Amino acid sequence: AWTDTHRRYRAQLLAGGSFQRARFTDLFGEVGPGRNRTDDLATRSFGRFAGSVAATPWLETTALATAQHESVDPHDAFALVALPDSTRDTLATAAELNAHGRVAGLRCELRPSVRVEHTEARLHATYYRDLVVTEVAHAAPTYRVGGVVEPTRGVALSASATTGQRVPSMLELFGDGALLAGNTGLRPERSTS
């Protein structure tokens, strides 16, 4: 964060990744020949940039951009069809205004925001002996407006309205190989509140 004589700025940059390995091992050969029955690999990398500027003493704007790449590489000794890697790329942008100050002597704040997420995926699954390839692209916008007014010190009334969408997680799409069955045909969930 830094300031000049008129404005206050903030910026944040974040990057990271993860690697997960889920393996079922048959140490004593009770299920069949060979020790490793399944060996699923999942990777995720992401980056995030956020910045804000307080343009005036009563108005601040914030912008956000994220990028993410996910992949699942399943290996199942019992599979009738070998599955290629499944991948998903996601880009998201968001913007928010924060207007705050006093109106008619009451402390007030208004926060409208919008977020748009675009996802493209190439997912592989099996249906009996057939390889099923699902290519999907989703644009998931989310809108929100929230406000608060403080009629007296220590008492605040707030309200908000939102619409949203959420794309399925990779766990929901592919399961965990044990307790949760995946479904690569899942579509985004929608909500209004």
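Quick notes on this one:
- Selection status of Ala181, free of Cβ contacts under 8 Å to residues at least 24 places away in the same chain, open to solvent by 80 Å² or more (accessible area, probe 1.4 Å), among the small types (Gly, Ala, Ser) and on the phi < 0 side of the Ramachandran plot: yes
- Criterion (in contact (Cβ under 8 Å) with a residue 12 or more places away in the chain, open to solvent by 40 Å² or more (accessible area, probe 1.4 Å), assigned to a loop (DSSP other than H, G, I, E, B) and out of contact with any Asp or Glu (no Cβ under 9 Å at 6 or more places or on another chain)) met by exactly one of Ala79, Ala95, Ala65: Ala79
- Residues that are free of Cβ contacts under 8 Å to residues at least 12 places away in the same chain and either in a loop (DSSP other than H, G, I, E, B) or touching a strand residue (DSSP E or B) at 6+ places or on another chain (Cβ under 7 Å) (or both) within region 103-130 comprise Ala104, Gly105, listed in sequence order.
- Selection from region 101-113 of residues that are touching a Gly at 6+ places or on another chain (Cβ under 8 Å) and open to solvent by 70 Å² or more (accessible area, probe 1.4 Å): Arg107, Leu110, Arg111
- Filtered by the rule that a residue be free of Cβ contacts under 8 Å to residues at least 24 places away in the same chain and of a type in the set (S, T, N, Q), region 136-159 gives Thr152, Ser158.
- The combined condition, being modelled with pLDDT of 90 or more and either open to solvent by 60 Å² or more (accessible area, probe 1.4 Å) or not in a strand (DSSP E or B) (or both), is fulfilled by Arg44.
- In region 114-139, the residues that are open to solvent by less than 40 Å² (accessible area, probe 1.4 Å) and either in contact with a Gly (Cβ under 8 Å, 6 or more places away or on another chain) or over 17 Å from Thr66 (Cβ atoms) (or both): Leu123, His124, Ala125, Thr134, Val136
The values are calculated or read from the model by the stated rules, or taken from the named source; none is laboratory data. No experiment lies behind these values; they were computed from the predicted model shown. All Cβ positions, glycine included, derive from the backbone under ideal geometry; neighbour counts span all protein chains shown. Ligands, DNA and RNA are excluded from the accessible area calculation, which covers all protein heavy atoms including side chains. Shrake-Rupley method; radii C 1.70, N 1.55, O 1.52, S 1.80 Å.
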